[in-house]
Amino acid sequence: MPRRKCIKCSSKPFVYLKYANAAFCREHFVDFFVQRIKKNIRKYKMIKEKEKIAIGVSGGKDSVSLLHALSSLKKEMKFELYGIVLDLGIKNFSEESVKAAETNLKNVEIEYEVFNIKKEYGFTLEDMVMRIKYRNPCSICGVIKRYLLNKLATEIKADKLATGHNLDDFARFLLTEFISMNIDALKRLSPITPPRDKMVGRIKPLFLTPEKDCNTYVKATDVPVVRGICPYKLKFSNKTIFEFVNKLEENRKITLVRGFIHKIKPRLGKTSELKLGKCKECGFPSSGEICSFCKLCKSFNIH
Ligand code: SF4
Ligand code: ZN
Ligand code: ZN
């Protein structure tokens, strides 16, 4: 770290952020982290006063740092917060991640619920991965998480669902869809997705926060996070894009994501509204007769 002082109080720096050309002590880094989230919530009109915000908390550094930031902003910005924790039953991982999520939710005194997929549906993510061997576990996990977070947020009548996707996640998704020339997915890619019938609006307040800063936040505040890694991580995801984004400097990632939102996205034209009907089984929105989640359930003869 270059020899500098905290730009706010001139004390010994805890971290130097090259992309911001600024050093911060522990306390002022935490403040910088939270203020950037607040600025982006306002700038992109993510939360209105009096709204009920559901937050998916996995116990990982991203959702935990978002939980703490939103909890410290909720009074000033006048919104309500409610935590949703999914227990997907991944061996040697879910137990620890649920515990970390619950500890943090209790520490910030936010009401929450834990949804155990095995208890409610009779299968775990691992059971599903064993059954559907040809499919990437992260894509099965994505279907389950998207469906359940939306379902639970709808049930508690949340106005929005906040997720911990950070700058690096956004950049990875953007590049993946760009390489596949998936224009419809690019048109829909946004830090804020409006609500539709039985689909809660989604917000990504960390979309301009580098992944490294979430790690630094966790170190600076000593909040507990899951230390283990999901056994499926990186085994199946797109390593080339993952490594490419890792190598990019934070400045470049910010330019890429901001440039996309402000310069490219408006030129792509309006999002072609995906025509959604109702799933025959569960009544939630679906592009086909049966939604992807219910199709998974059917492979276990559930329903
Ligand atoms: Fe789910 Fe993949 Fe994340 Fe594991 S690494 S929790 S399977 S999305
Ligand atoms: Zn300071
Ligand atoms: Zn369904």
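Of everything in the range 194-216 that is under 27 Å from Gly283 (Cβ atoms) and either part of a loop (DSSP other than H, G, I, E, B) or at pLDDT below 95 (or both), the residue that is nearest to the chain's Cα centre (by Cα) is Lys204. Asn116 meets all of the listed conditions (1) under 30 Å from Lys75 (Cβ atoms); (2) modelled with pLDDT of 95 or more but one, namely (1).
Would you mind stating whether Ser58 is out of contact with any helix residue (DSSP H, G or I) (no Cβ under 9 Å at 6 or more places or on another chain), surrounded by 21 or more Cβ atoms within 10 Å (Cβ to Cβ) and either within 28 Å of Leu248 (Cβ to Cβ) or of a type outside the set (Phe, Trp, Tyr) (or both)?
It is false that Ser58 is out of contact with any helix residue (DSSP H, G or I) (no Cβ under 9 Å at 6 or more places or on another chain), surrounded by 21 or more Cβ atoms within 10 Å (Cβ to Cβ) and either within 28 Å of Leu248 (Cβ to Cβ) or of a type outside the set (Phe, Trp, Tyr) (or both).
Restricted to the range 126-158, and to residues there that are part of a helix (DSSP H, G or I), more than 30 Å from Ile47 (Cβ to Cβ) and touching a Ser or Thr at 6+ places or on another chain (Cβ under 8 Å), the residue that is farthest from ligand 2 (Cβ to nearest atom) is Arg131. Quick check on Lys247: is it away from ligand 3 (no atom under 16 Å from the Cβ) and not β-branched (Val, Ile, Thr)? Answer is yes for this residue. Beta carbons closer than 6 Å, at least 6 apart along the sequence or on distinct chains, pair a first residue in the range 33-62 that is more than 14 Å from Ile203 (Cα to Cα) and modelled with pLDDT of 95 or more with a second that is assigned to a loop (DSSP other than H, G, I, E, B) and among the aliphatic types (A, V, I, L, M) for Gly59/Val226; Gly60/Val226; Lys61/Val225. Among the residues of the range 162-185, the one identified as crowded, with 19+ Cβ neighbours inside 10 Å and of a type in the set (Val, Ile, Thr) is Thr163. Just one of (1) more than 21 Å from Cys291 (Cα to Cα); (2) of a type in the set (Lys, Arg); (3) touching a strand residue (DSSP E or B) at 6+ places or on another chain (Cβ under 9 Å) fails for Lys99. It is (3). Taking the range 140-156 as the range and being of a type outside the set (Val, Ile, Thr) and under 15 Å from the mean Cα position of the chain (by Cα) as the test, the residues that pass are Cys141, Gly142, Lys145, Arg146, Tyr147, Leu148, Leu149, Asn150, Ala153. Applying a threshold of 7 Å to beta carbon distances and a minimum spacing of six or more residues, or different chains, the list of pairs starting in the range 153-176 at a residue that is among the charged types (D, E, K, R) and ending at one that is assigned to a loop (DSSP other than H, G, I, E, B) reads Asp159/Glu51; Lys160/Ile47; Lys160/Glu51; Lys160/Val200; Asp168/Pro210.
Just one of (1) assigned to a helix (DSSP H, G or I); (2) within 18 Å of Lys204 (Cα to Cα); (3) hydrophobic (A, V, I, L, M, F, W, C) fails for Ala101. It is (2). For the range 72-81, filtering for residues that are crowded, with 19+ Cβ neighbours inside 10 Å and in contact with a strand residue (DSSP E or B) (Cβ under 8 Å, 6 or more places away or on another chain) leaves 2.
Note on the range 1-83: enclosed strands (runs of 3 or more DSSP E) holding 1 or more residues that are within 16 Å of ligand 1 (Cβ to nearest atom) are 52-56. Annotation: of all residues in the range 217-239 being modelled with pLDDT of 90 or more and in a helix (DSSP H, G or I), the one that is surrounded by the most Cβ atoms within 10 Å (Cβ to Cβ) is Tyr217.
The values are calculated or read from the model by the stated rules, or taken from the named source; none is laboratory data. Model, not experiment: these values are computed from the prediction. Here Cβ is always computed from backbone atoms with ideal geometry, including for glycine, and neighbour counts include all displayed protein chains.
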